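To keep things clear, I will list the structure first and then write my remarks on it.
The values are calculated or read from the model by the stated rules, or taken from the named source; none is laboratory data. Just so it is clear, the structure is predicted and the values come from calculations on it, not from any experiment. We place every Cβ from the backbone using ideal geometry, glycine too, and count neighbours over all the protein chains shown. Remember, those area values only see protein heavy atoms, side chains included, never the ligands or the DNA or RNA. Shrake-Rupley method; radii C 1.70, N 1.55, O 1.52, S 1.80 Å.
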There are 2 protein chains.
Amino acid sequence: MTKTEKKTSRAEQKARRPQEILEAAFEEFTVKGYTATRVEDVAARLGVTKGTVYLYFPTKDVLFEEMFRHMSTPFADLLASVDTLGGSAADRLRALLLLAYDKIADDRKTRELLRLSLSEGTRFPDIVDRHHEEFIAPLIAAIGSLVEKGVASGEFREGAVAKFPDVVASSILHIAVWRLMFADRRPIDGPAFIDAHLDLALNGLLQRS
Amino acid sequence: MTKTEKKTSRAEQKARRPQEILEAAFEEFTVKGYTATRVEDVAARLGVTKGTVYLYFPTKDVLFEEMFRHMSTPFADLLASVDTLGGSAADRLRALLLLAYDKIADDRKTRELLRLSLSEGTRFPDIVDRHHEEFIAPLIAAIGSLVEKGVASGEFREGAVAKFPDVVASSILHIAVWRLMFADRRPIDGPAFIDAHLDLALNGLLQRS
DNA sequence: TATCACTGACTAACGGGTTAGTCAATTGCA
DNA sequence: TGCAATTGACTAACCCGTTAGTCAGTGATA
């Protein structure tokens, strides 16, 4: 493949290699897990051999860590975009959750990173902690500030949610975990589930007297 | 250890062995995952050698499957006990969720089985599906029927929750996943989290006008 | 433009270490 | 002593990480 490609120059190929390897590694690691994945299989996905992978990454450990970093796409911009939205606090909360849903539960990449965080987290605790800092904490903070604003404006009532803003996001996690567990064997309608949760979270279950 | 024990007769020891092995296997598999776990380490936990394990279980695969089955303690009785409870629908819902919390998020055994379902689920899909049938589906059904009764009695309003009863349980899953990810590095107050979620789910976020 | 010395990305094969599963020998209870 | 439980050495296969050697591609020279 590499040899017959006339279009890509040697320099271009070399520049491309690291990303190619990291993406192939993602596929293998997510399907088989860290230990069961063979570096040789990662290489085979690109039509190269194990030795090539070791030219770019010193060990299997580092390959995994850099793969995780490379596949973690930041969504600070996503959270920022919510601030520009107008409408009621409820509307903005809904918009934020749907955006988070797209990024977390509906995106295979992020979902599989969640699986790896749980399955290999004890082996790579600093990866999990970094993931918390960069992804989980900002999302919870965004939800928290949105709820706070809603309370300040009088649209939302005060309640225990202020202490645990993440209860609002648990439905997203729920969908992601469900899909990781059952794949296509038990499909789940994500947006409908989110809306059911929003209906519950906004209006509550109790009859309004 | 086994050798020096004078109390247990040979027959007793032999009868005990399978359970002992399955419990040792649980410890090893949950810490290291399926592939990284060595059968020899499972045996070493009991002070015996690999050969003994193979005397009771034909392969590592079967050992894993039977371990999973052995560690899955049913909670049909738990769900049944809720039916005997009196009080308002809200009270009973709270009781059910706290019971489910104890069994799922607060119990290390169940929590680690969730981790294994996610990490090794693609390798053992029928284990995951059986787990759904025996644990997840009954729990969702119990919540659903409780909500339904609340609606019938007029205590609960009708809403999208009827279609997705599991949105009510997502906070439990949330706590379990959180603890699997961060262990003791980021403690989470389970009951307080549940109550925050219940406050949200019962009363809603919107100011009552 | 044609030639050719040189570079460096890649390969192939291997060393060293590990592990699932087997089975003949051993141990110690009844 | 007889027998069942257990051992642990063994095999066959596996896989990480290494390295000497290859050859396609590059660029300087005439």
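Total residues in the stretch A:88-99 satisfying the condition of being within 14 Å of chain B (Cβ to nearest Cβ) and free of Cβ contacts under 8 Å to residues at least 40 places away in the same chain: the figure is 1. Taking the stretch A:161-185 as the range and being open to solvent by less than 40 Å² (accessible area, probe 1.4 Å) and among the small types (G, A, S) as the test, the residues that pass are A:A169, A:S170, A:S171, A:A176. Considering the stretch B:107-191, the qualifying helices (runs of 4 or more DSSP H), each wholly inside and each with 3 or more residues that are modelled with pLDDT under 95 and more than 30 Å from A:A137 (Cβ to Cβ), run over B:137-152.
Of all residues in the stretch B:144-179, exactly one satisfies the criterion of being of a type in the set (A, V, I, L, M) and more than 11 Å from every other protein chain (Cβ to nearest Cβ), namely B:A152.
Screening A:P74 with (1) more than 16 Å from DNA strand C (Cβ to nearest atom); (2) within 14 Å of chain B (Cβ to nearest Cβ) gives one miss only, at (2). Taking the criterion of being outside any loop (DSSP other than H, G, I, E, B) and of a type in the set (G, A, S), the residues of the stretch B:16-35 that qualify are B:A24, B:A25.
Reported count of residues in the stretch A:36-65, each being farther than 13 Å from A:R17 by Cβ, in a helix (DSSP H, G or I) and open to solvent by 50 Å² or more (accessible area, probe 1.4 Å), is 5. The number of residues in the stretch B:53-74 being touching a Leu at 6+ places or on another chain (Cβ under 8 Å) and of a type in the set (D, E) comes to 1.
With respect to (1) farther than 29 Å from B:R115 by Cα; (2) not in a helix (DSSP H, G or I), the lone exception for A:A90 is condition (2). Residues in the stretch B:59-96 that are modelled with pLDDT of 95 or more and either more than 18 Å from the chain's Cα centre (by Cα) or within 16 Å of DNA strand D (Cβ to nearest atom) (or both): B:T59, B:K60, B:D61, B:V62, B:L63. One residue alone among A:V53, A:V82 is touching a residue at least 40 places away in the same chain (Cβ under 8 Å) and at negative phi, and that residue is A:V82. Residues of the stretch B:45-65 that are away from DNA strand C (no atom under 11 Å from the Cβ) and under 26 Å from A:L118 (Cα atoms): B:R45, B:E65.
For the stretch A:142-166, name all the residues that are of a type outside the set (D, E, K, R) and free of Cβ contacts under 8 Å to residues at least 24 places away in the same chain. Result: A:G144, A:S145, A:V151, A:A152, A:G154, A:G159, A:A160, A:V161, A:A162, A:F164. Can you confirm whether A:L79 is open to solvent by less than 70 Å² (accessible area, probe 1.4 Å), in the same structural domain as A:R108 (by TED's automatic domain parsing) and either away from DNA strand C (no atom under 11 Å from the Cβ) or of a type in the set (A, V, I, L, M) (or both)? So A:L79 passes the test. The listed residues are B:D106, B:D102, and the only one of them that is without any contact (Cβ under 8 Å) to a residue 24 or more places away in the chain, surrounded by fewer than 21 Cβ atoms within 10 Å (Cβ to Cβ) and under 17 Å from B:F193 (Cβ atoms) turns out to be B:D102. Just one of the numbered conditions (1) under 28 Å from A:L22 (Cβ atoms); (2) open to solvent by 20 Å² or more (accessible area, probe 1.4 Å); (3) within 7 Å of another protein chain (Cβ to nearest Cβ) is not true of A:S117: (2).
Taking B:L139 as the residue in question, decide whether it is surrounded by 21 or more Cβ atoms within 10 Å (Cβ to Cβ) and at the interface with chain A (Cβ under 10 Å from one of its Cβ atoms). Here the answer is no, as B:L139 does not meet what is asked.
Cβ-Cβ distances below 8 Å connect the following pairs, each with a first residue in the stretch A:181-209 that is of a type in the set (A, V, I, L, M), a second residue that is open to solvent by 60 Å² or more (accessible area, probe 1.4 Å) and assigned to a helix (DSSP H, G or I), and a separation of six or more residues or different chains: A:L198/A:R94. Of the residues making up the stretch B:18-43, those that are among the hydrophobic types (A, V, I, L, M, F, W, C) and more than 9 Å from DNA strand C (Cβ to nearest atom) are B:I21, B:L22, B:A24, B:A25, B:F26, B:F29, B:V31, B:A43.
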